[in-house]
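What follows is a single structure, written as structure tokens, with notes after it.
Quick note: the coordinates plus some simple rules give every number you see, no bench work behind them. Note that the structure is predicted; figures quoted are calculated from it, not measured. All Cβ positions, even for glycine, are placed from backbone atoms using ideal geometry, and neighbour counts span all protein chains on display.
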Amino acid sequence: MAFLRKIFGVVTSTKIGLIVMIVIAGLSLIGGVIPQNAPRDFYLQQYGPGFGKLLLTLELDHVFRTNYYSILLIAFSLMVFACALKRLPVAIRLARRPEPLTEIEQLRKQPFKASLILDVDPEEARLHIVDVLKRRFYKVATKAVDSRTYVQASKNAFSRYGSFILHLSFVLLLIGGLAIARFGRERIHEVRVGNSFDFVAARGETINVDVEDFRVETDNEGRLRDYICEVEAAGKDLGRAWYRIRPNHPLGYGGVDIYLESYEEDAENPSGFLVSVYDSSGELIVPHVFVPRDDYVRVDEIDATLKADVGVVPTIREISDAGVTTHFIYQSAEEASSDSLPIRFVLIHAIPSVIVSLKEVRQPGQVFIIAGFTLLTFGTIVSLYLSHRKIWFIVEPTSEGRSQVHFGGRSNRHTRAFEAEFERVKATLDELS
Amino acid sequence: MNYPDITLTIVAVALYFLGLVVIAAEITFKRENLEKIWQVSVGCGIGFQTAALVARGILAQQVPLTDLFEYTLVFTWALALIFFLLFRKHFPKQASLVLLITITLLMGISFLYYTDPKGVTMPALRSFWLYVHVSLAALGETFFAIAFVTSIVDLVRWAKAKDGNLGELTYRAISMGFPLFTAGALVAGAIWAKKAWGSYWSWDPKEVLSLVVWLVYAAYLHARLVKGFKGRALAIISIVGFLLTLFTIFGSLILGGLHSYS
């Protein structure tokens, strides 16, 4: 038992905690400054054979993946957890409603104290004191013993739990981090627009994602605005749904998120052609029109395609190269019967096909992370912005039927702000004197 | 092209510089009647810097928080404004001088990173979380800068007279900045990172350096509130914390990573 107590004492030691924090900060700084996970030769060339070898021996080329860094983080979290446990009974004790102070001497020992004589009887004085305190959001309790009335009030008692909440948040973040590391999944799908891929959602449902389109949006002045990837997703429970995956807007379904990671143009395999359209007399009809690659037919394929597509899809009739500009003769199935043919198409440029990288991410520990972040924010705000304030009053009648009021108060922090509040309470009560 | 944002920023820097020259004269020649002059100068500087930010926002058609120049502009503006509104009356003249030197230097450095306000903003930066993450982090760092200034003055006083009395101001500034930095730099940053990149934490240099800054200020608060440290040791932690903060702000340009555009 004594041994366990000693261990608990070490684990909850603020001094050791500070040392661990400084070591983690130092290692993180090194990991932040030295490029991580580069090839071995990089370190030997960049830092010289001596220092480079030292970095590699100490595993400083991948600090955040080393066992010692993980052990430090786990040790730190355990220490934080132990501290939280240690602080909880203290926080509960301090947050309880203040014990009544029944002796005037006790009030005089408080950092802020005052005495007033009010021109009202003790009951009216009590009501007035309670009203003043309640308007300042104090929780008030009163007790009458013989001729004396005791009033005790406190505000922001829950701020005593701020430190506990803050420490608890680390434990939740650690659990979330471990769950993500152990059960999380990350996969990159490189998909050419027009193709599809599958992913498995949380309940085992297979979702097929068909990448229908990718485009780079620009504003009126040609400046980049957005990257948009349009997909159709289909699954047994999902049915069919259409999504736009953009930066900051992943596709989320069944515990899996699909992110647009990057895109790459494949000029070797054009998705289609941008062309100008001229009629048989050589007059420009349409300056720009997109001809999908599916409709592009080589000369030697004309007959077969025409047979297949007559009356349905426009089809390229003839292609020829002339210097830098490729031009080809085009005839739609519908127009094939009219007299105005052939229509000539002049190639402006080939439009490369696009391969998008979509990142599939599954992170099952998110609920702990979100709870941890909420408590971390709440804990820091409560423990640093709020102060636990207490004020005690003793009201007793004077021989002239008036009331003598003694009061004193304290605050665990922000003493200047409390002093100002104490003075305002005093000034308000003084109006009755 | 010469946009109004740069002209207004130059005027603001000139006014801050005038303010610091006047305070320096006030300290050197022990003249009390110069206080109004530097206060008017700094007040006008804040006005011009506000106008610069508004002009840049109108030109860029968004809140100016997307690159290093804009960040430094917002950071120094918040620093000047918070000093002027909250700390001016509590600051000794030496601290006001150090603060104006800090503002002027940072704004001078920011000119090196000036970008065309009508330039391209990366689609990844078009998010509500940009405003939460960057503005709260900048505000938190502003209070760390105030603490840095009081710590510097405190250290000098310790060296001269073995007595520094700005520890309470330093603590107040850090205790105001720490929750803002936690909520902005770490929490909002991680939530945005999840939305944008699919992961709360990527061990990116800027993320790691922010964690280091957070740990340093957490150490400061533990040392003061739990262990009851006072004096020079705390001032040194505060100074180290802000130097690391500056490294976090400017370091990503050297260190690269996911934050290399900011």
Exercise. Counting only complete DSSP H runs, which helices of chain B cover 15 Å or more along their long axis at the Cα atoms and score a mean Kyte-Doolittle of -1.0 or above?
Worked result: B:4-29, B:35-60, B:68-82, B:93-110, B:128-161, B:167-181, B:205-225, B:232-255
Exercise. With axes computed from alpha carbons, what is the tilt in degrees of helix A:366-385 against the longest principal axis of chain A, rounded to the nearest 10 within 0 to 90?
Worked result: 40
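To the nearest 20 debye, what charge dipole does the protein assembly as shown have about its Cα centre, counting +1 at the Cβ of each Lys and Arg and -1 at the Cβ of each Asp and Glu?
5540
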Exercise. Lysines near residue A:86 by alpha-carbon distance under 19 Å, same-chain residues fewer than 8 away left out - which ones?
Worked result: A:6, A:15, B:227
Seminar exercise, completed: The helix A:14-33 Cα axis meets the longest alpha-carbon principal axis of chain A at an angle in degrees, between 0 and 90 and rounded to 10, of 20
Seminar exercise, completed: Taking the dipole of the range A:2-93 about the Cα centre (Lys, Arg +1; Asp, Glu -1; charges at Cβ), the one of A:84, A:57, A:71 that reaches farthest to the positive side is A:84
Exercise. Taking a 22 Å limit on the Cα-Cα distance, which of the listed pairs A:134/B:89; A:359/B:195; B:36/B:162 fall beyond it?
Worked result: A:134/B:89; B:36/B:162
Seminar exercise, completed: Given unit charges at Cβ for Lys, Arg (+) and Asp, Glu (-), the dipole magnitude of the range B:1-121 about its Cα centre in debye, nearest 20, is 380
Exercise. Residues of B:191-201, mean number of Cβ from any other protein chain within 10 Å of their own Cβ, rounded to a whole number?
Worked result: 6
Problem set entry | Rg followed by Dmax, in Å, when the range B:53-155 is reduced to its Cα trace | 15.0, 45
Exercise. Which shape class, rounded, prolate or oblate, goes with the range B:200-262 when its Cα gyration tensor gives a ≥ b ≥ c as root eigenvalues, a/c under 1.5 marks rounded, and past that a/b bigger than b/c marks prolate?
Worked result: oblate
Problem set entry | Length-normalised contact order for chain B - Cα pairs under 8 Å, 6+ apart - percent | 17
Exercise. Once phi is turned into θ = phi - 60°, what whole-Hz ³J(HN,Hα) does the Karplus curve with 6.51, -1.76 and 1.60 give for every residue of the range A:188-193, x standing for Gly and Pro?
Worked result: 9, 10, 9, 10, 6, 3
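Go ahead and run the numbers for FRET between residue A:427 and residue B:163, Cβ-Cβ distance against an R0 of 25 Å, rounding to 0.05.
0.10
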For this session: Report the charge-dipole magnitude of chain B in Debye, nearest 20, computed about the Cα centre from +1 at each Lys and Arg Cβ and -1 at each Asp and Glu Cβ.
Result: 640
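Shape verdict for chain B, please, from the Cα gyration tensor: rounded (a/c under 1.5), prolate (a/b greater than b/c) or oblate.
Oblate is the answer for chain B, as a/c is 1.5 or above yet b/c matches or exceeds a/b.
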For this session: Give the relative contact order (percent, whole number) for the range B:1-121; include only Cα pairs under 8 Å separated by 6+ residues.
Result: 32
For this session: State the dimensionless ratio Rg/Rh of the range B:1-121 (Rg: radius of gyration of Cα atoms; Rh: Kirkwood radius).
Result: 1.02
Exercise. Between residue A:214 and residues 5 or more places away or on another chain, which pairs have amide H atoms under 5 Å apart, with H built 1.01 Å from N, and which residues are they?
Worked result: A:230
Seminar exercise, completed: Taking N as the residue count of the range A:49-161, its alpha carbon Rg divided by 2.2 N^0.38 Å gives 2.06
Exercise. Taking H as built 1.01 Å from N, whose amide H comes closer than 5 Å to the amide H of residue A:227, not counting residues under 5 places away?
Worked result: A:217
For this session: In nm, give the distance between the simple-model label positions of residue A:1 and residue A:185, each being 7 Å from the Cα along the Cα-to-Cβ direction.
Result: 5.1
Exercise. So what is the relative contact order of chain A, in percent, for Cα pairs below 8 Å that sit 6 or more residues apart?
Worked result: 22
For this session: Identify all aspartates and glutamates with a Cα-Cα distance to residue A:155 below 18 Å; exclude those on the same chain that are fewer than 8 residues away in sequence.
Result: A:99, A:131, A:419, A:421, A:423
Seminar exercise, completed: Over all viewing directions the Cα convex hull of the protein assembly as shown casts an average projected area in nm² of 47.7
Exercise. Taking chain B as a Gaussian network, where each spring joins two C-alpha atoms under 10 Å apart, which residue of B:199, B:110, B:41 fluctuates the most?
Worked result: B:199
For this session: Jot down the per residue volume, in cubic angstrom and as a whole number, of the convex hull over the alpha-carbon atoms of the range A:134-275.
Result: 268
Exercise. Which angle from 0 to 90°, rounded to the nearest 10, does the C-alpha axis of helix A:122-135 make with the longest principal axis of chain A?
Worked result: 20
Exercise. Looking only at A:164, A:42, A:393, which one moves most when chain A is put into a Gaussian network model with springs between Cα atoms under 10 Å?
Worked result: A:42
Seminar exercise, completed: For the range A:150-164, in residue order, the Karplus 3J(HN,Hα) values (coefficients 6.51, -1.76, 1.60; θ = phi - 60°; whole Hz; Gly and Pro = x) are 10, 10, 10, 9, 9, 9, 6, 4, 5, 5, 5, 7, x, 5, 4
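Could you work out the longest stretch of chain A that avoids the GluC sites (Glu not before Pro) located in DSSP loops with at most 15 other Cβ atoms within 10 Å?
Maximal segment without exposed cleavage sites: A:104-204.
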Problem set entry | Theoretical ellipticity at 222 nm over chain A - DSSP helices of four or more residues, -39500 (n - 2.57) apiece, nearest 500 | -12500 deg cm²/dmol
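Does the range B:101-193 classify as rounded, prolate or oblate by the C-alpha gyration tensor (a ≥ b ≥ c root eigenvalues; a/c under 1.5 gives rounded; else a/b over b/c gives prolate, otherwise oblate)?
Since a/c reaches 1.5 but b/c is at least a/b, the shape of the range B:101-193 is classed as oblate.
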